Structures are given as structure tokens and as C-alpha cells.
1. Of the residues E18, E22, E14, which single one is in contact with a Leu (Cβ under 9 Å, 6 or more places away or on another chain), of a type in the set (D, E) and farther than 17 Å from P99 by Cβ?
2. Kindly indicate whether any position in region 118-128 is among the charged types (D, E, K, R) and under 12 Å from L79 (Cβ atoms).
3. Please list, ordered by first then second residue, the pairs with beta carbon atoms under 8 Å, 6 or more apart or interchain, first in region 111-136 and assigned to a helix (DSSP H, G or I), second polar (S, T, N, Q) and open to solvent by less than 60 Å² (accessible area, probe 1.4 Å).
4. Name the pairs whose Cβ atoms lie under 8 Å apart, with the first residue in region 44-68 and under 19 Å from L85 (Cβ atoms) and touching a residue at least 60 places away in the same chain (Cβ under 8 Å), the second open to solvent by 30 Å² or more (accessible area, probe 1.4 Å) and of a type in the set (K, R), and 6 or more positions between them or separate chains?
5. Filter region 208-221 down to residues that are more than 8 Å from the ligand (Cβ to nearest atom) and over 17 Å from R242 (Cα atoms) and give me whichever is surrounded by the fewest Cβ atoms within 10 Å (Cβ to Cβ).
6. Go through region 87-110 residue by residue and tally those that are in contact with a helix residue (DSSP H, G or I) (Cβ under 8 Å, 6 or more places away or on another chain), open to solvent by 40 Å² or more (accessible area, probe 1.4 Å) and part of a helix (DSSP H, G or I).
7. Determine which member of the set I227, I231 is touching a strand residue (DSSP E or B) at 6+ places or on another chain (Cβ under 7 Å), open to solvent by 70 Å² or more (accessible area, probe 1.4 Å) and under 20 Å from G282 (Cα atoms).
Amino acid sequence: MTARILDGTKLAAEIRAEVSAEARAMASSAIRPGLAVVLVGHNPASEAYVRGKVKSSQEVGLYSETHTPAETETTEELLALIADLNRRDEIDGILVQLPLPAHVDAKKILLAVDPAKDVDGFHPMNVGYLSTQRPGLVPCTPAGVMEILNRSAIPVAGQEAVVIGRSDIVGKPVAMLLLNQNATVTVCHSKTRDLPEVCRRADILVAAIGRAGMVTRDYVKPGATVIDVGINKITDRKEFDRFFSGNKKREETFAKNGSTLVGDVHPEVAEVAGAITPVPGGVGPLTIAMLMANTVKAAKMRRGQRVPELARK
Ligand code: NAD
């Protein structure tokens, strides 16, 4: 059996089209949702992510602006920038690209973002809204995981869900979202005993660990849905062979770039799972699409408009 591939690129395009239609509808009331991205210093990975976010904003018809304070900027100077963005009415979403330089108090910065504009959903107020099932802004990657499940008609209510990873950015919010949709949720982490055995209970297994191909076939119940959040760059030939030996397309990418991406789930899992997200092209594309959706949601909520849930197909 080979698993059904859950195509994140296609689902993300579907969501972007919906967001774009909403943005057009808002334009008739002279509202243009606006996103401000703050990128401190020159981290190449962060710069690439921010470029992707700005490009996507333009494509769906949102206003966007990027602020690029120097690496040396102090916590106080950044707080002043956030305060200014909080004050400006045409800015609906504020995204502070992480990681921030070590000398900056990242927690203080994230706490300063107006919760109504917190499109990353990291503010404790939004974390609280999520855990008490109140309307708020939900972190983008976890929200994307739920869109994949819901739009692929994978049942969640009553299912056994196991999440590997308990980060504030992915693991915990994914667990909360699954719980809010009535799954029976187990959260695993680096201290979990008998991890493969616990994972084999899962009808839905979400891997958010940050370890290349750690989830092998012995972690997976035959037929389970596996959502691979991990993004790991591999450059070592031996490691490449461990995952992609005989895979022509991957060989080409590896020869061309000297690297390729692998998730936290070993590709062999596709032989036992019922459905699986690929890496790349699975959860990744949903993250930016959900940022777009959150910016429109913030624009509506700030104006007291009703916010329908994204389509559940
Ligand atoms: P993190 O390092 O903050 O958290 C990792 C979690 O995995 C921790 O809770 C830890 O307890 C757990 N863990 C580590 N080793 C383990 C082990 N051996 N057994 C069981 N659990 C273990 O990472 P994160 O920010 O949650 O990100 C996780 C992965 O998801 C990374 O690969 C990251 O690149 C990726 N990610 C992808 C997207 C996306 O858009 N697709 C977004 C965010 C993160």
C-alpha cells in the first residue's frame, strides 16, 4: 500500500484564492488589510522567509511593509517600533520574524505586540483564547495542519491523535487545536518513554521534532494519517542515501544544490501510512497561506466584523 499524498501546495493555493476573494470584497468598503513584517539583522533563512511572506501578501492583494532594523538594535528601540505599528490603524497584522538577536529580549517584544494584530498567534492572550476556545488569532503552522486534515476530509473527532513535540510554536498549539476538534490527544516529547509504542496508537500522528527522518515505520499504525511538520536540510551523502537511495528526482536536486529537505518522518513511512504530507510541499506552504488568512481575520476582527471559519471540506 502507498499512502495518499496530502498536497500542501494545492491546498495553500486554494486558501490563498479564498483570502484574495475576501480581500477584494473588503476593498469595496475601502479596507485593505495590512501586514507589517519586522526583520532584525541579516539571517539568510529569515530573509528568505520574509521575502516569501511579502510576495504572498502582494499576490493576494494585501498591503505589506517590511521593517529591517539593524542587528545592533536594542530591545527598547524595537519596542518603540512595535508601539508605532500598534498605533497605526492601517496595519492589521504585525509579524516579528524569529529568531531575534541574542541581546534582544524576545519575550518582551512578542508581549508588546497588540494581541489584535498578533498574526503569529504567539501572544499569551491569543494562547489563552485558543485554550479556552474563544475567537482569536491561531499560530499559522498549527492552523495549517488543521486545514490539511479538514480539507482532506480526514476525521478528527473521536480519533486518537499523537503529537511529537511540545514547542509553543507548533506542538502545543497543534495539540490544543486537535483537542478543540474533539480528538483524544497525547503529546510526546524528548522524555517520553516507549515513543514508538505510544505513536502506534495514533490515527493521526503529527511530527514536530526537528530531527531528520526520526519517525520510522515502526512508529506508525498501518493506515494512519501522518502530518510531517519537520523541515531539515541534509547535506551529507550518507544521510541522503539513508532516506532517498534510488530516488531519481531527489538525486537531481541533491546533485544540483548539494542539499535536500527531509521531514521528521522517514520516507519509508509512506509504505504503511494511509495518508501523509510530503516534505517539501506539505505543511510548509500552508504556513504562509495561514498568515495571509490571519491578516484578513485580524482586519475583520479589529473592525468588529464576523469571521467565518475557513471552508471545511
Ligand atoms: P523545537 O525545537 O522548539 O521543539 C522540538 C520538540 O521536539 C521539543 O518539544 C522536544 O521535546 C521534541 N523532541 C526533540 N527530540 C525528541 C526526541 N528524540 N523524541 C521525542 N521528542 C523530541 O522545534 P519546533 O519549532 O517545534 O519545530 C519542529 C520542526 O518543525 C522543525 O523541524 C522545524 O523546522 C519545523 N517547523 C516547520 C514549520 C513549517 O512551516 N512547516 C514551522 C515551524 C517549524
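The values are calculated or read from the model by the stated rules, or taken from the named source; none is laboratory data. Since the structure is predicted, the reported quantities are computational estimates derived from the model, not experimental observations. Neighbour counts are summed over all protein chains in view; Cβ atoms, including those assigned to glycine, are modelled from backbone coordinates with ideal geometry. What goes into the accessible areas is simple: the full protein's heavy atoms, side chains included, and nothing from ligands, DNA or RNA. Shrake-Rupley method; radii C 1.70, N 1.55, O 1.52, S 1.80 Å.
1. E18
2. Checked region 118-128: no residue is among the charged types (D, E, K, R) and under 12 Å from L79 (Cβ atoms).
3. Final answer for the pair search is A112/N86; P115/N126; K117/N86; L130/N180.
4. As it stands, the answer is L62/R32, since those pairs meet every condition given.
5. Filtering region 208-221 for residues more than 8 Å from the ligand (Cβ to nearest atom) gives 212-213, 215-221.
Now restrict to residues that are over 17 Å from R242 (Cα atoms): 219-221.
On the way: Y219: 24, V220: 27, K221: 18.
Filtering first and then ranking leaves K221.
6. Residues flagged as in contact with a helix residue (DSSP H, G or I) (Cβ under 8 Å, 6 or more places away or on another chain), open to solvent by 40 Å² or more (accessible area, probe 1.4 Å) and part of a helix (DSSP H, G or I) within region 87-110 amount to 1.
7. I231
For (1) hydrophobic (A, V, I, L, M, F, W, C); (2) farther than 18 Å from V307 by Cβ; (3) buried (at least 19 other Cβ atoms within 10 Å of the Cβ); (4) touching a strand residue (DSSP E or B) at 6+ places or on another chain (Cβ under 9 Å), each residue gets a yes or a no:
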{"residue": "T9", "(1), (2), (3), (4)": "no, yes, no, no"}
{"residue": "L62", "(1), (2), (3), (4)": "yes, no, yes, yes"}
{"residue": "T72", "(1), (2), (3), (4)": "no, yes, no, no"}
{"residue": "I82", "(1), (2), (3), (4)": "yes, yes, yes, yes"}
{"residue": "N126", "(1), (2), (3), (4)": "no, no, yes, no"}
